[in-house]
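Working notes, beginning with the structure itself.
The values are calculated or read from the model by the stated rules, or taken from the named source; none is laboratory data. The model shown is predicted, which means the values in this text are computed figures rather than measured ones. Ideal geometry is used to build each Cβ from the backbone, glycine not excepted, and the neighbour counts take in all protein chains shown. SASA here: full protein model, heavy atoms, side chains in, ligands and nucleic acids out. Shrake-Rupley method; radii C 1.70, N 1.55, O 1.52, S 1.80 Å.
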Amino acid sequence: MAIPLLPFRILVFVLSCMPFALLVLDIVTGSLGPDPGQTVTEALGLSALQLMIATLFITPLARWTHWSGWIKVRRMLGLFAFFYASLHLMAFLQFILGWGDLWATFTKRPYIIFGSLAFLLLIPLAATSTKAMMRRLGRQWKPLHRLVYPAVALVWLHFLFQARSDITEMVVYGLVVAFLLGVRGYWFGWRSLVPLRIPKRA
Amino acid sequence: MLIKKRPSWALSHSEITPESVYLDRRRFMGGLVAAALAGAGVPRLVDAAALPVQGESLDYAAMPGFSTEEEKTPYEDVTRYNNFYEFGTDKGDPAKYADEMSVDPWSVTVEGECGKPGTYGLEDLVRPHDYQERIYRLRCVEAWSMVVPWIGIPLADLLPRFEPNSRAKYVYFETLYDPDQMRAQRSLFSTIDWPYQEGLRMDEAMNELSFMAVGLYGKTLPKQNGAPMRLVVPWKYGFKSIKSIVKIRFQEERPKTTWEMIAPQEYGFYANVNPEVDHPRWSQKRERRLPSGLLSPNWIETRKFNGYGDQVAHLYKGMDLTKYY
Ligand code: HEM
């Protein structure tokens, strides 16, 4: 196809930066409202989830459009998701917790536990995203990166368990995530969703 | 409709809170963006002059004995950062959508164990009373807090007019239910069984702090703050202070409250502010007093009964407040 790759990558990069840029703008102009710590934390968390979902859309998009260009931006999207998740965690620790009450927070609060487990799963994915690591891991790379499936499910639980009363947003995100995982199960077999399972050599 | 002749002993709001001084302060703050980045908090660029105190002016008496001297939360925060789930769960939703609610005319149905049940127009409810201003702390269960200058009447003056009888052990309150006017009541995935319901034990309702507010910052309540009439019980988490009340019922059994029905392990009937009892999802030991800054968050220690223990602790003598949270 004739879509030039470099402009496409720049476009995806700029779009991925947008939530961060808008937050910085809000901070600078002081338009975050009276509880900026909470607002920033929530905005970063939502961006992280949205970028995870964008990352998971790459495979279906490539299949539907028969354009391999999508695959070329997947690593970037995944790393942006990790970037926002890291900032989200830092914002929570700094602005909401103030580094106090750590033990109770990370052992007693189910939604925090779900979020933390998700973040722990994302660390090895970010760490093995380089070309060199892909080469080194070889056949193990893909099964490892399937950890993104339980990770996104945990993020969704993290989201669901903080709902106060109205779960419309959680239902919408849940349907999207279910679709993304379901379509993979349908195309590649449900066992393809199991992470860390290294297929026997053909 | 809520405007009344000013009693001679009452100060007008402009004598107490000179609006111009208050606005000047905000305008000054608006210029401090650099200070915000340096850690002085996050002031708004929004020019406060663009957001004058809305509503009709009320005449009232200041009540220093019932008012905190702490710095008030600015009007624009009090009216744009709200939990009023009838209009959505985002803090900004009520300010955006509460205009879809009509509050004039307004009536309140009084029923149950009392001698004077009936449907009362708002004017009939407030007419016999003189308004007071009480500057109360408001502690949200979500660990943030504000200081709000409410205008209203003591509940202990209002309720006896309906002549509750000896079987009236509790008083139940209900918010308007009208999905046409309250958009989030139309949500398919809300776990709230509308209308919003709250209640107090009779002795709590008759406590000198319990207040029926009709205004704030000297003027009638903005809709997002629960116009035209809302409860204010400052020693309890904010969700007890039910907004836009259309029903008051005296009853013998303890009413079930909305949040208790959704998540009894998180929200109890009493919901007294208590730093010793965590919400299952966060600690209640501290609160962010709004407006809070990003780099210099305005954390303060949460006090038992939100600092109103002298007035209300006796109500709970002998009760295990970790059990009756
Ligand atoms: C590392 C551990 C994590 C912690 C401690 C944490 C903490 C939080 C907190 C405190 C909130 C706000 C909850 C509230 O007050 O209602 C939140 C919201 C959220 N978090 Fe996390 N989080 C973590 C990991 C993650 C990860 C890895 C993601 C996604 C990749 C994520 C996505 C979200 C989302 C989508 C929200 C909802 C934002 C909204 O309300 O719109 N979180 N998280």
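Here is how the numbers come out for the structure above:
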{"item": "Cross-link reach list, aspartates and glutamates versus B:Lys304, counting only Cα pairs under 13 Å and skipping chain neighbours closer than eight places", "result": "B:Glu276, B:Asp278, B:Glu287"}
{"item": "Relative contact order computed over chain A (Cα-Cα under 8 Å; 6+ residues apart), in percent", "result": "19 percent"}
{"item": "B:Lys323 versus A:Leu11: modelled label distance in nm, points set 7 Å from Cα along the beta carbon direction", "result": "6.5 nm"}
{"item": "Loop GluC sites (Glu not before Pro), segment B:45-151 (other Cβ atoms within 10 Å of the site Cβ: 16 or fewer; DSSP)", "result": "B:Glu56, B:Glu69, B:Glu70, B:Glu71"}
{"item": "Karplus 3J(HN,Hα) series, Hz, for segment B:170-187 with 6.51 cos²θ - 1.76 cosθ + 1.60 (x for Gly, Pro)", "result": "9, 10, 10, 10, 9, 8, 3, 10, 7, x, 5, 9, 10, 5, 6, 5, 8, 4"}
{"item": "Note, ³J(HN,Hα) from phi for segment B:90-105, Karplus 6.51, -1.76, 1.60, rounded to Hz, x at Gly and Pro", "result": "6, 4, x, 4, x, 5, 6, 10, 5, 4, 6, 9, 9, 10, 9, x"}
{"item": "Residues of segment A:155-202 buried by at least 20 Å² on assembly (accessible area, 1.4 Å probe, chain alone as reference)", "result": "A:Arg164, A:Ser165, A:Asp166, A:Ile167, A:Thr168, A:Val171"}
{"item": "B:Thr191 paired with B:Val277, simple spin-label distance in nm, labels 7 Å along Cα-to-beta-carbon", "result": "1.9 nm"}
{"item": "Heavy-atom accessible surface that B and A bury in contact, both chains counted, 1.4 Å, Å² to 100", "result": "2700 Å²"}
{"item": "Inter-part distance where segment B:275-292 and segment B:79-120 are each reduced to a Cα centre, Å", "result": "26 Å"}
{"item": "Gyration tensor verdict on segment B:57-316 (Cα atoms; rounded if a/c is under 1.5, prolate if a/b is larger than b/c, oblate otherwise)", "result": "rounded"}
{"item": "Antiparallel %, DSSP beta bridges [both residues in the protein assembly as shown], to 5", "result": "85 percent"}
{"item": "16 Å Cα-Cα reach of A:Lys131 towards lysines, excluding residues that sit fewer than 8 places from it in its own chain", "result": "A:Lys72, A:Lys142"}
{"item": "Listing of segment B:157-203 residues, each with accessible area lower by at least 30 Å² in the full protein assembly than in the chain alone (probe 1.4 Å)", "result": "B:Phe189, B:Thr191"}
{"item": "Segment B:110-225, accessible surface, carbon-and-sulfur percent (1.4 angstrom probe)", "result": "47 percent"}
{"item": "Surface share of carbon and sulfur [accessible, 1.4 angstrom probe, percent] for segment A:47-151", "result": "70 percent"}
{"item": "Pairwise FRET efficiency - A:Thr107 versus B:Met63, Cβ, R0 = 41 Å, nearest 0.05", "result": "0.35"}
{"item": "Separation in nanometres of the label points that stand 7 Å from Cα toward Cβ, at A:Trp187 and B:Glu252", "result": "6.7 nm"}
{"item": "Under 21 Å from B:Lys256, Cα to Cα: lysines that are on another chain or at least 8 residues apart", "result": "B:Lys169, B:Lys236, B:Lys240, B:Lys243, B:Lys247, B:Lys323"}
